[in-house]
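Novice: Please see the structure below; I have some questions.
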Amino acid sequence: MPLRVTRIAVTAAAALLAAGTATATANAAEPADNCVVNVDSGSKQCFTTFREAIAASTHGRITNAPLSAKDIDQKLAERLTATSIGTQDVQLGIVYQDSNYGGTSVTYSAGSGCQSGNGRDYQFDITGSMDNAVSSLVTLSCWLELWDSPGTGGTHQEYQQSTSYVGDTMNDRASSIALL
């Protein structure tokens, strides 16, 4: 009898161990769909949740952002545009892969904000999975201007406020961005 109990216990322990390993593997394979790009340095970090991305981009100043970038609200937007202290970055804007603020998000940050209406403060090409994939955006410290060609060339559209759909002209076409 003790041998049978031992076999059952060993089998159950092995099954639990395998389940735990499968869970850990699944968690490790979760996509990091919430990225932060520092436009001053060009550095990019990606995270599994929007909350992690915002905590990193604000150097821990904001740790209670929603888990999904889709759930950003006006109160959080105001906190993200608050004046930085010391070496903390200013959040400039967020672009989303899907309309209605869904899918992959990229939050742009820099050492200082934009002087809206005072020309281009930053401009750069959109790289990686977001090239030709932007469908919605949130303006924070800057207005955003999307361009359909690299080097801020071609057709463009300026957005002075958050936009749940960038419109047919720019949807899934942006290859560069200017922050005003």
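Where a number appears in this text, it was derived from the coordinates with a stated rule and is not lab data. As the structure is a prediction and not an experimental result, all values here were calculated from the model. Here the Cβ positions follow ideal geometry from the backbone for every residue, glycine too, while neighbour counts run over all protein chains shown.
Novice: Rounded to the nearest 0.05, what FRET efficiency do Thr155 and Asn100 give with R0 = 30 Å and r taken as the Cβ-Cβ distance? Could you check? Let's see the in-between values first.
Specialist: On the way: r = 23 Å, r/R0 = 0.76.
The value I calculate is 0.85.
Novice: Starting from the Cα of Ser164, step 7 Å along the direction of its Cβ; do the same at Arg120; then give the gap between the two resulting points in nm.
Specialist: For Ser164 paired with Arg120, the spin-label model returns 3.1 nm.
Novice: With both bridge residues required to lie in the stretch 31-179, what share of the DSSP beta bridges run antiparallel, to the nearest 5%?
Specialist: 85
Novice: Related question: If r is the Cβ-Cβ distance from Thr127 to Glu78 and R0 is 35 Å, what FRET efficiency results, to the nearest 0.05?
Specialist: My answer for the efficiency is 0.75.
Novice: Which order results if Lys75, Lys44 are arranged by neighbouring Cβ count within 10 Å, fewest first?
Specialist: Listed from fewest to most nearby Cβ atoms, that is Lys75, Lys44.
Novice: In addition: How do Leu140, Leu67, Leu180 line up, fewest other C-beta atoms within 10 Å first?
Specialist: Leu67, Leu180, Leu140
Novice: Calculate, in nm to one decimal, what Asn64 and Lys44 gain on full extension: separation in residues at 0.36 nm each, minus their alpha carbon distance.
Specialist: That pair, Asn64 and Lys44, stretches by 5.1 nm at full extension.
Novice: Going by how many other Cβ atoms sit within 10 Å of their own, how do Cys142, Cys114, Cys46 line up, fewest first?
Specialist: Details: Cys142 27, Cys114 23, Cys46 19.
Lowest count first: Cys46, Cys114, Cys142.
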